Amino acid sequence: MSRSCRIERKTNETDITADICLDGTGESTIDTGIGFLNHMLTLLAKHSMCDMNITCRGDLDVDSHHTVEDVGIVLGQAIIRSLGDKAGITRYGTAFVPMDEALVMTALDFSGRGSLFTNLEIPREILGSFDTEMTREFFTALTSNAGINAHIKQLDGENSHHIIEAAFKSFARALKQAVTIDPRVHGVPSTKGVL
């Protein structure tokens, strides 16, 4: 059975449709109106092996905030809905990813307690039409809506593009590991019996 779902979310600020399949091959079609965000989401799909089709029409005449945050909300909702009761998942994922001089580590736990702990220091304020401070907002929205306890730690890096790309790739690799079904796990991987 494929772990997948569609989420549609429409507000006065954004109109988003997202299809996700956790058991994919990393194929994606991304159109958010923000080139750099499209690039990062394409990387996220590729390195997590999740298929993603995401379309967002947002109020980019205001700025990128609503689009980036709302895409994070919808993606988080899609991930957790696709997981169902989380039976059989590995639950935890950790990945170190270098991107030239940048190095970022991500550690994830599908605990149900969504929280983000990060120390990303991004020198530039804007990359293309992407406001780089929205990197934190994206991951905050995603993790809180997916119930993921996430640590995204920058260990090295000077180039803003490299730092953010390493963050997305390390998150993707950790996500791939955490949602993988472990045939030895019966039910949910928790002594509580619920996640």
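Restricted to the range 39-48, and to residues there that are of a type outside the set (S, T, N, Q) and touching a Gly at 6+ places or on another chain (Cβ under 8 Å), the residue that is surrounded by the fewest Cβ atoms within 10 Å (Cβ to Cβ) is LYS46. Taking every residue in the range 151-180 that is part of a helix (DSSP H, G or I) and pairing it with any residue that is surrounded by fewer than 24 Cβ atoms within 10 Å (Cβ to Cβ) and among the aromatic types (Phe, Trp, Tyr), at least 6 positions away or on another chain, the pairs with Cβ-Cβ distances below 6 Å are ALA178/TYR92. Number of residues in the range 26-38 that are touching a Gly at 6+ places or on another chain (Cβ under 9 Å) and either surrounded by fewer than 20 Cβ atoms within 10 Å (Cβ to Cβ) or hydroxyl-bearing (Ser, Thr, Tyr) (or both): the value is 3.
Just to be sure before I move on: is MET99 farther than 10 Å from ALA167 by Cβ and out of contact with any strand residue (DSSP E or B) (no Cβ under 9 Å at 6 or more places or on another chain) in the structure I sent? Here the answer is no, as MET99 does not meet what is asked.
Of all residues in the range 44-87, those that are aliphatic (A, V, I, L, M) and under 22 Å from ILE181 (Cα atoms) total 10. Out of all the residues in the range 22-45, is one or more at pLDDT below 95 and out of contact with any strand residue (DSSP E or B) (no Cβ under 8 Å at 6 or more places or on another chain)? Checking the range 22-45: not a single residue is at pLDDT below 95 and out of contact with any strand residue (DSSP E or B) (no Cβ under 8 Å at 6 or more places or on another chain).
Please work out if ARG57 is at pLDDT 95 or above and under 26 Å from GLY112 (Cα atoms).
Numbers: at pLDDT 95 or above: yes; under 26 Å from GLY112 (Cα atoms): no.
In short, no.
The values are calculated or read from the model by the stated rules, or taken from the named source; none is laboratory data. As the structure is a prediction and not an experimental result, all values here were calculated from the model. Ideal geometry is used to build each Cβ from the backbone, glycine not excepted, and the neighbour counts take in all protein chains shown.
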